[in-house]
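S.K.: This is the structure I have questions about; it appears just below.
Read-outs: derived from the displayed coordinates by stated rules, not from any lab. Note that this is a predicted model, so its numbers are computed, not measured. Glycine also receives a Cβ, built like all others from the backbone with ideal geometry; neighbour counts cover every protein chain displayed.
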């Protein structure tokens, strides 16, 4: 589906065979792309479903589509990979959001840690970035985006479902663990400056596994994408 045109319609229900598109998606189709009746599109509702559709009518304020066939998510990950990441500066946070969605993350948890920056989460803008990445990558499921969560609150709920990554060369490499044979795993990535010794100790006492990505010190967003890539390979091997 590399050349398909994806359209975001979150209110679309599987039982609907006629779908009316309003707002920004209608404007993009009719004014930017200048798409014509008879064109084919794929509708996405962000809930794991899509639909091959044909545009029937284009009006000033809406576009009307007819569903031809329902589609299931072509990329079904057997393990839900969550990303808990220390808050970083806004431009790099937005890049991280975009690429994480493309990589197939299930949930993104902004972390408040000892060294995280006091950035605010802009839910409306972040959602637009994530939807754009969803459409670009051809995925059908929009990840959840949590409110900023204090590190200690996250750790209390992780136990053996979490892997904390930090730059300690005595730790095993993440790629050597190979044990994602369960329903979900949460990768914990520190902000610039990493996790504090107190945070690492807290995680280990709670049963969270610790690992490293390698000898090179990576930026937060780079480390997150490297970890997601490793886990995506694990998922294919399970």
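S.K.: Set the Förster distance to 45 Å, then compute FRET efficiency between residue 171 and residue 124 from the Cβ-Cβ distance, nearest 0.05.
M.R.: Values: r = 38 Å, r/R0 = 0.85.
Efficiency, from the Cβ-Cβ distance: 0.70.
S.K.: Tally the DSSP beta bridges in the chain and give the antiparallel ones as a percent, rounded to 5.
M.R.: Numbers: 19 of 45 bridges.
Beta bridges within the chain, antiparallel portion: roughly 40 percent.
S.K.: Continuing with the same structure: Say R0 is 41 Å: what FRET efficiency, to the nearest 0.05, do residue 16 and residue 79 get from their beta-carbon distance? Present the calculation step by step, with values, prior to reporting the outcome.
M.R.: On the way: r = 31 Å, r/R0 = 0.76.
My answer for the efficiency is 0.85.
S.K.: So for the chain, averaging the separation of alpha carbon pairs under 8 Å that are six or more residues apart and normalising by length, what relative contact order in percent results? Intermediate results must be reported in sequence, preceding the final value.
M.R.: Details: 461 pairs, mean separation 48.7, N = 238.
Relative contact order of the chain: 20 percent.
S.K.: What whole-number value in cubic angstrom gives the convex hull volume per residue for the C-alpha atoms of segment 1-133? Don't jump to the answer; show the numbers that get you there.
M.R.: Numbers: hull volume 16.3 nm³, N = 133.
Output value, Cα hull per residue: 123 Å³.
S.K.: I'd like to compare 45-56, 186-197: which one has the highest average count of other Cβ atoms within 10 Å, and what's the full order after that? It would help to have the intermediate numbers written out before the result.
M.R.: On the way: 45-56: 18.5, 186-197: 20.8.
Going by the mean number of other Cβ atoms within 10 Å, highest first, we get 186-197, 45-56.
S.K.: Write down Rg/Rh for segment 6-72, rounded to two decimals, with Rg from the C-alpha atoms and Rh from the Kirkwood relation over Cα pairs. Can you show the working numbers first?
M.R.: Working: Rg = 10.7 Å, Rh = 11.6 Å.
The Rg/Rh ratio comes out at 0.93.
S.K.: With r defined as the distance between the Cβ atoms of residue 27 and residue 107 and R0 fixed at 30 Å, what FRET efficiency is calculated, to the nearest 0.05? Let's see the in-between values first.
M.R.: Details: r = 30 Å, r/R0 = 1.00.
For R0 = 30 Å, the calculated efficiency reads 0.50.
S.K.: Continuing with the same structure: Using alpha carbons only, how many degrees (0 to 90, rounded to 10) separate the axis of helix 123-137 from the longest principal axis of the chain?
M.R.: Tilt of helix 123-137: around 70 degrees.
S.K.: Tell me, what is the percent relative contact order of segment 6-72, built from C-alpha pairs under 8 Å that lie six or more residues apart?
M.R.: On the way: 129 pairs, mean separation 24.6, N = 67.
Value for segment 6-72: 37 percent.
S.K.: Next question. May I ask for log10 I(q)/I(0) of segment 121-226 at q = 0.11, 0.15 Å⁻¹, from a Debye sum over the Cα atoms as equal point scatterers with solvent left out?
M.R.: Debye intensities relative to I(0), on a log10 scale: -0.41, -0.76.
S.K.: Note the full-extension length gain between residue 89 and residue 136 as 0.36 nm times their separation in residues minus their Cα-Cα distance, in nm to one decimal. Numbers along the way, then the final one.
M.R.: Details: separation 47, 0.36 × 47 = 16.92 nm, distance 2.40 nm.
Computed gain between residue 89 and residue 136 is 14.5 nm.
S.K.: For residue 157 and residue 39, calculate 0.36 nm times their separation in residues minus their Cα-Cα distance, and state this gained length in nm to one decimal. Present the calculation step by step, with values, prior to reporting the outcome.
M.R.: On the way: separation 118, 0.36 × 118 = 42.48 nm, distance 4.75 nm.
That pair, residue 157 and residue 39, stretches by 37.7 nm at full extension.
S.K.: Take the Cα of residue 59, step 7 Å along the line toward its Cβ, and report every residue of segment 23-46 whose backbone nitrogen sits under 13 Å from that point.
M.R.: Answer for this model: 23.
S.K.: Let me make sure I get this right: for segment 68-190, a, b and c are the square roots of the gyration tensor eigenvalues over alpha carbons, sorted descending. Under 1.5 in a/c it's rounded, otherwise prolate if a/b > b/c, else oblate. Which is it? Mind dumping the intermediate values first?
M.R.: On the way: a/c = 1.98, a/b = 1.21, b/c = 1.64.
In terms of gyration-tensor shape, oblate.
S.K.: Averaging the inverse of every distinct alpha carbon separation and then flipping it gives the Kirkwood radius. What is it for the chain, in angstrom units? Kindly include the intermediate steps, with their values, before the conclusion.
M.R.: Details: mean 1/r = 0.0520 Å⁻¹.
Computed over the chain, the radius equals 19.2 Å.
S.K.: With axes computed from alpha carbons, what is the tilt in degrees of helix 220-237 against the longest principal axis of the chain, rounded to the nearest 10 within 0 to 90?
M.R.: 80 degrees
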